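Nothing in this text is a laboratory measurement; each read-out follows from the coordinates by a stated rule. Please read all numbers here as calculations on a predicted model, not as lab measurements. Positions of Cβ are backbone-derived with ideal geometry, glycine not excepted, and every protein chain shown enters the neighbour counts.
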Amino acid sequence: MKNCLFCKIAAGELTSKIVYDSENIIAFHDINPQAPVHILIIPKIHISTLNDLKPEHKKLMGELILVAKKLAQKEGISDAGYRTGFNCNEAGGQTVYHIHLHLLGGRDFGWPPG
Ligand code: 5GP
Ligand code: ZN
């Protein structure tokens, strides 16, 4: 999608610290990390929010979560534990409207989140 920051990252038009790249999914370090490990995992196709998911995205979103698991292992945070999350729309804290899964680790997290 034109003018979408994460579509540009997925297309290699904007630089980012990429940690995973496959046919359908790319993952990169968050530019403003909120924890020692903060990775964003995105589908290469443009989907704006969780609200826009369709049944046809089922396999893709399953893959996305498995990438989170794989990267948590790679980053050495699997055993200690980590936080994953999708922010959806304004009240959910979404600022980039291309669906992304946050993978955060390397510190303790509170609950409920702020
Ligand atoms: P959201 O608030 O939409 O759930 O998360 C968007 C995330 O994208 C934020 O954590 C923010 O720091 C990150 N971000 C925004 N712009 C860029 C960018 O240009 N590059 C990277 N790597 N991360 C970005
Ligand atoms: Zn996009």
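Numerical summary
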| quantity | calculated |
| --- | --- |
| Length released on extending from residue 78 to residue 20, taking residue separation times 0.36 nm less the Cα-Cα span | 19.2 nm |
| Segment residue 31-residue 109, length gained on full extension (0.36 nm per residue, minus Cα span) | 26.1 nm |
| Trypsin sites (Lys or Arg not before Pro) within the stretch 1-102: DSSP coil, no more than 14 neighbouring Cβ in 10 Å | 2, 17 |
| Cross-link table 17/54; 2/54; 17/74; 8/44, entries beyond 18 Å C-alpha to C-alpha | 17/54; 2/54 |
| Label point distance in nm, residue 5-residue 63, each placed 7 Å from Cα along Cα→Cβ | 2.5 |
| Exposed-loop-free span, longest in the chain, where GluC sites (Glu not before Pro) count as exposed if DSSP calls them loop and at most 10 other C-beta atoms lie within 10 Å | 24-89 |
| No Cys partner within the rule (Cβ under 4.7 Å), the chain | 88 |
